[in-house]
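Engineer: Let me begin by handing over the structure; questions about it come next.
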Amino acid sequence: MHNGEAIVAACDQLAAISADEGQLTRCYLTPEHARANAQLARWMQDAGMQTWQDAAGNQWGRLEGSDPSLAALVLGSHSDSVINAGRFDGPLGVLLAIGVAARLNAAGQRPKRSVDVVAFADEEGTRFGTALLGSRAVAGTWDPAWWEIVGRDGVTLRQAFLDFGLDPERVHEAARAPESMAGYLEAHIEQGPVLEAERRSLGVVTAIAGARRFSITIGGEAGHAGTTPLTLRRDALCGAAEAVVAIETLARAAGIVATVGSLETFPGAVNVIPGEVRMSLDIRAERDEDRDRTLAAIRETCDRIGETRGLVWRWHETHAAPAVACSPKLVEALSTSIETAIGSDNVPVMRLASGAGHDGMAMAAVCDIGMLFVRCDRGISHHPDESVQARDVDDALNAMSTAVAALVD
Ligand SMILES: [Zn+2]
């Protein structure tokens with residue numbers, strides 16, 4: 001893991017550990033998860049670390065510091081994937097963390113603080129539909145209600161623990177005391193096109209956006225497409241169309257993102273006026289107050305559209321997560337290390353929010369978090385075409401090693 005090329009090659013090697021031949025799918029508590037942990041443990045040991053698997057199936061490695069009274073700096077990302085995934089979402093951050101530890105170890109001088117590397121076993125939530133199970137176990141925010149969740153393969157989370165050789169009664173042992181951690185640092189592919197457009201190999205994350213999601217039903221009145229004059233209609237789809245454009249306009253004006261990703265019309269026939277529309281809304285921002293203010297404006301606009309067109313709107317919130325700010329100290333440490341270790345094209349250092357969720361959201365409950373984004377090809381992720389350049393990974397390794405060396409000394 002001594003340079004970008006070696007780290008990319010290791011990501012390729014890890015990607016071969018998959019449930020499906022010819023494509024990458026690696027879910028929580030599966031035989032592939034166990035094989036990936038074993039491979040990661042070997043790489044951690046090669047980097048001079050002691051290794052263990054915790055009570056939730058997360059793989060850990062430790063480079064022991066010279067002063068055991070100091071809290072450890074935790075570096076990592078996740079080892080699980082979506083179905084038919086790319087090779088870098090998760091594993092790149094784990095392998096960069098191992099690379100940073102390997103450099104510290106090779107330098108021969110023991111850092112004062114211990115460096116702990118973690119590969120969280122479930123970030124994506126692919127198998128059980130609930131994300132961040134690995135990092136929530138470590139943060140001590142495991143919810144006992146999860147035990148009865150039935151996975152996509154029909155197996156409960158409790159049974160999957162037993163099948164994997166873990167004891168559900170002992171999951172609390174995976175939780176780490178907040179005072180044992182000085183902070184959590186994660187490198188991750190950007191999963192968006194901003195760094196590429198700005199011609200930067202790296203960016204420092206300021207916050208992980210908080211998302212709210214709604215399932216919306218718009219009630220109108222179905223009728224004959226030939227006999228009902230336009231002036232006498234209550235067409236739910238025409239109202240939805242106005243709303244979709246208004247949502248885009250309002251979110252753009254606020255500098256945030258909002259998406260209608262699903263829209264269905266009922267009864268859905270060529271010669272019938274749409275009497276009902278069901279659609280989704282996903283709205284995210286770096287700051288919860290910006291998101292909620294825009295959401296209020298969207299709802300007001302929808303009410304107005306409803307009054308004009310005789311439509312009834314019903315909103316059902318399906319998901320809400322607050323935004324999580326990165327620690328100013330870690331943002332500063334990463335920015336300084338990019339300036340001193342990389343420089344040139346990356347100065348002034350680009351700072352950006354993460355629109356996607358990450359393990360840091362769970363870890364923020366117990367320690368400071370910081371994140372480094374690495375440019376990825378066309379922003380593609382959750383897809384086999386996911387790609388990074390070895391020289392960008394070199395930049396990430398150099399910047400992260402510099403930041404970590406300063407933080408553990
Ligand atoms: Zn990820």
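The values are calculated or read from the model by the stated rules, or taken from the named source; none is laboratory data. Computed from a predicted structure; not experimentally measured. Cβ placement follows ideal geometry from the backbone for every residue including glycine, while neighbour counts extend to all protein chains displayed. Just the protein is used for accessible areas: all its heavy atoms, side chains included, with ligands, DNA and RNA removed. Shrake-Rupley method; radii C 1.70, N 1.55, O 1.52, S 1.80 Å.
Engineer: Look at ALA406 and say whether it is away from the ligand (no atom under 16 Å from the Cβ), open to solvent by 40 Å² or more (accessible area, probe 1.4 Å), farther than 28 Å from ARG284 by Cα and not polar (S, T, N, Q).
Structural biologist: yes
Engineer: Kindly indicate whether ILE305 is assigned to a helix (DSSP H, G or I), within 30 Å of SER215 (Cα to Cα) and touching a strand residue (DSSP E or B) at 6+ places or on another chain (Cβ under 9 Å).
Structural biologist: In short, yes.
Engineer: Restricting the search to the stretch 371-409, which residues are in a loop (DSSP other than H, G, I, E, B), of a type outside the set (S, T, N, Q) and over 15 Å from GLY99 (Cβ atoms)?
Structural biologist: Within the stretch 371-409, ARG375, CYS376, ILE380, HIS382, HIS383, PRO384, ASP385, GLU386, ASP409 meet the criteria.
Engineer: OK, next. May I ask you to list pairs of residues, at least six apart or on different chains, whose Cβ atoms are under 8 Å apart, with the first in the stretch 138-153 being at positive phi and the second being open to solvent by 50 Å² or more (accessible area, probe 1.4 Å) and assigned to a helix (DSSP H, G or I)?
Structural biologist: Note: pairs meeting the criteria are GLY140/HIS172.
Engineer: So for the stretch 115-122 (the condition being assigned to a loop (DSSP other than H, G, I, E, B), more than 23 Å from ARG378 (Cα to Cα), within 16 Å of the ligand (Cβ to nearest atom) and modelled with pLDDT of 95 or more), does at least one residue qualify?
Structural biologist: yes
Engineer: Quick check on this structure: which one of ALA10, ALA72, ALA36, ALA85 is touching a residue at least 60 places away in the same chain (Cβ under 8 Å), of a type outside the set (Lys, Arg), within 20 Å of ALA175 (Cα to Cα) and assigned by TED's automatic domain parsing to the domain that holds PHE128?
Structural biologist: ALA72
Engineer: Go through (1) free of Cβ contacts under 8 Å to residues at least 40 places away in the same chain; (2) surrounded by 13 or more Cβ atoms within 10 Å (Cβ to Cβ) one by one and return the number of the condition SER335 breaks.
Structural biologist: (1)
Engineer: For the stretch 93-108, indicate whether the set of residues that are at pLDDT below 95, in a loop (DSSP other than H, G, I, E, B) and assigned by TED's automatic domain parsing to the domain that holds GLY183 is non-empty.
Structural biologist: Within the stretch 93-108, one or more residues are at pLDDT below 95, in a loop (DSSP other than H, G, I, E, B) and assigned by TED's automatic domain parsing to the domain that holds GLY183.
Engineer: Restricting the search to the stretch 338-363, which residues are open to solvent by 20 Å² or more (accessible area, probe 1.4 Å) and part of a loop (DSSP other than H, G, I, E, B)?
Structural biologist: Scanning the stretch 338-363 gives ILE342, VAL347, PRO348, VAL349, MET350, GLY355, ALA356, GLY357.
Engineer: For the stretch 97-153, what are the residues that are of a type in the set (Ser, Thr, Tyr), surrounded by fewer than 19 Cβ atoms within 10 Å (Cβ to Cβ) and farther than 22 Å from SER18 by Cα?
Structural biologist: THR141
Engineer: All but one of (1) in the same structural domain as LEU75 (by TED's automatic domain parsing); (2) more than 16 Å from the ligand (Cβ to nearest atom) hold for SER354; state the number of the condition that does not hold.
Structural biologist: Only one criterion is unmet by SER354, namely (2).
Engineer: Which of the residues spanning the stretch 378-393 are open to solvent by less than 50 Å² (accessible area, probe 1.4 Å) and away from the ligand (no atom under 16 Å from the Cβ)?
Structural biologist: ALA390, ASP392, listed by residue number.
Engineer: Select from the stretch 253-274 the residues that are surrounded by fewer than 19 Cβ atoms within 10 Å (Cβ to Cβ) and closer than 20 Å to GLY226 by Cα and list them in ascending order.
Structural biologist: Matches in the stretch 253-274: PHE266, PRO267, GLY268, ALA269, VAL270, ASN271, VAL272.
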